[in-house]
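The values are calculated or read from the model by the stated rules, or taken from the named source; none is laboratory data. Owing to the predicted nature of the structure, the values given are computational and were not obtained by experimental measurement. Heads up, the Cβs are rebuilt from the backbone with ideal geometry, glycines too, and the neighbour counts pull from every protein chain shown. Accessible surface is based on the protein model in full, side chains and every heavy atom, while ligands, DNA and RNA are left aside. Shrake-Rupley method; radii C 1.70, N 1.55, O 1.52, S 1.80 Å.
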Amino acid sequence: MLIVQKFGGSSVANPERIKRVADRVWRTRQEGNEVVVVVSPMGDTTDELIALARQLSDDPAAREMDQLLATGEQVSIALLTIALHELGAQAVSLTGPQAGIATDGVYGKAAITGVAAARLRAELAAGKIVVVAGFQGLAPNGDITTLGRGGSDTTAVAIAAALQADRCEIYTDVDGVYTADPRVVPEARKLPVISHDEMLELASLGAVVLHPRSVELAKLYGVPLVVRSSFNDNPGTLVKEDDGMERAHMVSGVAHDLNVAKIGIFDVLDQPGIAYRLFAALAEEKINVDMIIQGATRNGRNDIAFTVSRTDLKKALAAVEKVKEAVGAKGYTYDDRVAKVSIVGAGMITRPGVAAAMFEALSAEGINIEMISTSEIKVSCVIKESEAQRAVQALHRKFGLDAVGQR
Ligand code: ADP
Ligand code: ASP
Ligand code: MG
């Protein structure tokens, strides 16, 4: 079998742990499998590098940030390969560009556009374990790019898809995908299986255990995807096609996201082309807009509120400032102390009253809802950041996710 194994930062945080990872990889190889390993930087390296740049500039150039952050993985791939050599394994490390990972040119959140897998195939054919740097690739102009926080998961699935691997295993510091972030809800339970669609929603709504794009690619290319602990041999969570079983449960999981900021614009003109002008200005700056709410019209004027990620707030406010007059706005405000809490479940499709139950749980906690958005399989609310933890715990209880007997 051909197996891709990805190890996150905490799994390679120090030499001891790197040795443990090397042992596991070597064991998989000795069982007769071909192995490609994808690794993140050691521990909190990425955060430390960001902090370092911040000491020099409030607004470092995106290109240089990618140049900087891509160094983290170059350290861990080399160290892991050295550890594998010590075990007697044949292994070689490759950076993203060396491994043929091609991306678009959007620094800081590049999308993988293809994997030119000739080198990977040649190294595997030579009997080697190939250790690839996650999170990075090569832009059309020859620059190094990074895929956004958590992006190593996506590197792993993209490689698994390109090589038509039998399995992609994501090893991390939890035993699998839980009904909520176990750091916030200690009673959260591990899900033995979850559908692609539910996992994609959870990941997009803040469950950082998997990078959203990795789930998308796994679904698109039919890559069997497993999330497991790198610290034990417990069975993990299988992410798979929805076969209808998931629908037995109204809600499968609760997610929260603190990387949220809200912007409100008052009294814009109620005319065709206003929303277009506003959101085109944001799109031009490559800012993802999440929820959008336009209030009821009064005297030919509307209020528009929307959310962006907190990391994009500064850029978003600059874009709003630019089009403020063109859309006839009387003013705008922002709030970066908000959070988004969400419930996700394929079973919602067939059951009315799920949103009402969510609002009931939040109201019982005295938590005010500032914005709401729904899709077929999720309901999200924007609330105060300081109330997020309590909200997640209350929702987890409300939907019986800690109850024994639930899956
Ligand atoms: P890695 O460095 O291995 O990529 P991450 O920190 O990116 O690890 O992801 C693992 C973390 O995801 C866990 O420690 C956990 O706190 C968090 N997490 C958030 N939501 C969930 C969830 N629903 N299930 C499991 N873990 C979750
Ligand atoms: N190094 C990146 C991060 O910390 C990518 C990853 O670990 O998945 O976000
Ligand atoms: Mg991660």
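Sort out which residues of the range 141-157 are touching a helix residue (DSSP H, G or I) at 6+ places or on another chain (Cβ under 8 Å) and either of a type in the set (A, V, I, L, M) or open to solvent by 40 Å² or more (accessible area, probe 1.4 Å) (or both), and write them in order of number.
Within the range 141-157, 144, 147, 149, 156, 157 meet the criteria.
Would you please name the residue that is nearest to ligand 2 (Cβ to nearest atom), looking only at residues in the range 209-263 that are of a type in the set (Gly, Ala, Ser) and open to solvent by 50 Å² or more (accessible area, probe 1.4 Å)?
Across the range 209-263, the extreme among qualifying residues is 222.
Just wondering, is there one or more residues in the range 345-365 that are assigned to a strand (DSSP E or B), touching a residue at least 24 places away in the same chain (Cβ under 8 Å) and crowded, with 20+ Cβ neighbours inside 10 Å?
So far as the range 345-365 goes, no, none of its residues is assigned to a strand (DSSP E or B), touching a residue at least 24 places away in the same chain (Cβ under 8 Å) and crowded, with 20+ Cβ neighbours inside 10 Å.
Being in contact with a Lys or Arg (Cβ under 9 Å, 6 or more places away or on another chain), within 12 Å of ligand 2 (Cβ to nearest atom) and within 17 Å of residue 107 (Cβ to Cβ) narrows it down to one residue among 46, 71; which is it?
46
Determine which member of the set 115, 106, 75 is among the aliphatic types (A, V, I, L, M), within 22 Å of residue 148 (Cβ to Cβ) and touching a residue at least 60 places away in the same chain (Cβ under 8 Å).
The unique qualifying residue is 106.
When you look at residue 321, is it more than 28 Å from the chain's Cα centre (by Cα) and assigned to a helix (DSSP H, G or I), yes or no?
yes
Within the bounds of the range 176-188, is there any residue that is under 21 Å from residue 9 (Cβ atoms), open to solvent by 30 Å² or more (accessible area, probe 1.4 Å) and away from ligand 3 (no atom under 14 Å from the Cβ)?
Yes, the range 176-188 contains at least one residue that is under 21 Å from residue 9 (Cβ atoms), open to solvent by 30 Å² or more (accessible area, probe 1.4 Å) and away from ligand 3 (no atom under 14 Å from the Cβ).
Is it the case that residue 4 is within 15 Å of residue 91 (Cα to Cα), buried (at least 23 other Cβ atoms within 10 Å of the Cβ) and within 16 Å of ligand 2 (Cβ to nearest atom)?
yes
Scan the range 155-170 and tell me whether some residue there is at pLDDT 95 or above and either over 30 Å from residue 32 (Cβ atoms) or of a type in the set (Phe, Trp, Tyr) (or both).
no
Could you list, in sequence order, the residues of the range 162-174 that are near ligand 1 (Cβ under 8 Å from one of its atoms) and not in a strand (DSSP E or B)?
173, 174
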